[in-house]
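K.L.:
Encoded as structure tokens, here's the structure I'll be asking about.
The values are calculated or read from the model by the stated rules, or taken from the named source; none is laboratory data. Everything quoted here is computed from the prediction, not taken from an experiment. For neighbour counting, all protein chains shown are included, and Cβ atoms are generated from backbone atoms with ideal geometry for every residue, glycine included.
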Amino acid sequence: MLDKLSKWKAKAEQGKEIEGVNLENVPKHVAIIMDGNGRWAKKRGLPRIAGHREGMSVINKIVKKANSLGVEVLTLYAFSTENWKRPKNEVDFLMRLPERYLSVELPKLIEENVKVRLMGCKDSLPAHTINAVDNAIEKTKSNTGLVLNFALNYGSRDEIVSAIQQIAEDVNTGKVNSQSINDELVGQYLMTQELRDPDLLIRTSGEIRLSNFMLWQLAYTEFWFTDVLWPDFTEQHFLEAIEVYQQRTRRYGGI
Ligand code: IPE
Ligand code: IPE
Ligand code: MG
């Protein structure tokens, strides 16, 4: 116990640890399935959209914390290709969230050196949603801090199918030789192109599934699930996830 305490002190003095997190082993890419907004609202007798509004206000705290710890990429699952099945009023509300969020937070994101990025099928998103995100991408394009990657109208199977279609097309036109298709080449056709694979996946709300999220990219990611509903998620939970991540041994099939 004493040993642990003195180790902690030594690290803290060297500035290698804050709040129990070893700054030398911070997951570089953290992906979060932000789930449980509806249940949070239901528990309070509120409409589901109240849960989404509350959930939106959590994002900023986590972005700030991730940025301060030196996380390089934070991917947030905001809307899946399956979420169109929801009632129209809920979908409409969710499609307004990016502009609501960015109209308040964009100046802070710019100041904090955050670079906004989008991952998902733009085609079926309303113009007002795309415009808000495109504007944020444009205004933060030279930033060099945390990459804030929003998965909006994102579905991993769609992503893989369209990668296969594009690769097939490039094989047909002679741009790609079918013999040279490998793991790395496939990665270049995915929506994560220049991003490294997530090191840590967090899912809130107690569901233990991926719901069509980054099926290719999560091949060797560490998973952390919590029963906490997304609107109740705090910086402390985020730190807890990172602490657990730091206790894992990543073997990638080795020994
Ligand atoms: C996550 O919360 C937000 C989106 C999927 C857009 P949910 O809306 O899925 O909340 P639950 O799972 O119904 O509680
Ligand atoms: C996954 O949550 C999608 C997002 C968090 C955006 P869902 O609530 O849509 O997932 P399922 O339906 O419970 O699998
Ligand atoms: Mg859900």
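K.L.:
Quickly run through the stretch 199-220 and pick out the residues that are over 23 Å from Pro231 (Cα atoms) and surrounded by fewer than 22 Cβ atoms within 10 Å (Cβ to Cβ).
P.N.:
Selection gives Leu215, Trp216, Leu218, Ala219, Tyr220.
K.L.:
Report yes if some residue within the stretch 41-50 is modelled with pLDDT of 95 or more, closer than 18 Å to Phe213 by Cβ, near ligand 1 (Cβ under 10 Å from one of its atoms) and surrounded by 18 or more Cβ atoms within 10 Å (Cβ to Cβ); otherwise report no.
P.N.:
From the stretch 41-50, those modelled with pLDDT of 95 or more are 41-50; that's our starting set.
Subset that is closer than 18 Å to Phe213 by Cβ: none.
No, the stretch 41-50 contains no residue that is modelled with pLDDT of 95 or more, closer than 18 Å to Phe213 by Cβ, near ligand 1 (Cβ under 10 Å from one of its atoms) and surrounded by 18 or more Cβ atoms within 10 Å (Cβ to Cβ).
K.L.:
If we scan the stretch 189-210, do we find a residue that is in contact with a Gly (Cβ under 9 Å, 6 or more places away or on another chain) and assigned to a helix (DSSP H, G or I)?
P.N.:
Checked against the condition, which is being in contact with a Gly (Cβ under 9 Å, 6 or more places away or on another chain) and assigned to a helix (DSSP H, G or I), the stretch 189-210 yields no hits at all.
K.L.:
Right, another one. Could you tell me how many of the residues in the stretch 131-169 are β-branched (Val, Ile, Thr) and either in contact with a Gly (Cβ under 8 Å, 6 or more places away or on another chain) or surrounded by fewer than 18 Cβ atoms within 10 Å (Cβ to Cβ) (or both)? Spell out the reasoning first.
P.N.:
Start the filter on the stretch 131-169 by keeping residues that are β-branched (Val, Ile, Thr), which leaves 133, 137, 140, 144, 147, 160-161, 164, 167.
In the following step, the residues that additionally are either in contact with a Gly (Cβ under 8 Å, 6 or more places away or on another chain) or surrounded by fewer than 18 Cβ atoms within 10 Å (Cβ to Cβ) (or both) were identified as 137, 144, 160-161, 164.
Residues that pass the stated criteria total 5.
K.L.:
How many residues are among the charged types (D, E, K, R), more than 16 Å from ligand 2 (Cβ to nearest atom) and touching a residue at least 60 places away in the same chain (Cβ under 8 Å) if we restrict to the stretch 177-208?
P.N.:
Of the residues in that region, 3 qualify.
K.L.:
Kindly provide the set of residues from the stretch 73-99 that are in a helix (DSSP H, G or I), within 14 Å of ligand 3 (Cβ to nearest atom) and closer than 24 Å to Val147 by Cβ, ordered by number.
P.N.:
Within the stretch 73-99, Asn83, Leu94 qualify.
K.L.:
Separate question: When you scan the stretch 59-71, do you find a residue that is within 14 Å of ligand 3 (Cβ to nearest atom) and either surrounded by fewer than 20 Cβ atoms within 10 Å (Cβ to Cβ) or in contact (Cβ under 8 Å) with a residue 60 or more places away in the chain (or both), even just one?
P.N.:
no
K.L.:
To continue, here is another question. One residue is enough: does the stretch 203-214 have a residue meeting the conditions among the hydroxyl-bearing types (Ser, Thr, Tyr), away from ligand 1 (no atom under 16 Å from the Cβ), within 23 Å of Thr129 (Cβ to Cβ) and not assigned by TED's automatic domain parsing to the domain that holds Leu239?
P.N.:
Kept after step one, since they are among the hydroxyl-bearing types (Ser, Thr, Tyr), are these residues of the stretch 203-214: 204-205, 211.
With the extra rule that they be away from ligand 1 (no atom under 16 Å from the Cβ), the set shrinks to none.
No, the conditions are met nowhere in the stretch 203-214.
K.L.:
If you don't mind, there's one more thing I want to ask. How about the stretch 38-54: which of its residues are within 11 Å of ligand 2 (Cβ to nearest atom) and touching a Lys or Arg at 6+ places or on another chain (Cβ under 7 Å)?
P.N.:
Across the stretch 38-54, the qualifying residue is only Gly38.
K.L.:
Now for a separate question. Which one is nearest to ligand 3 (Cβ to nearest atom), of the residues in the stretch 14-37 that are touching a Gly at 6+ places or on another chain (Cβ under 8 Å) and farther than 18 Å from Ala151 by Cβ?
P.N.:
Val26
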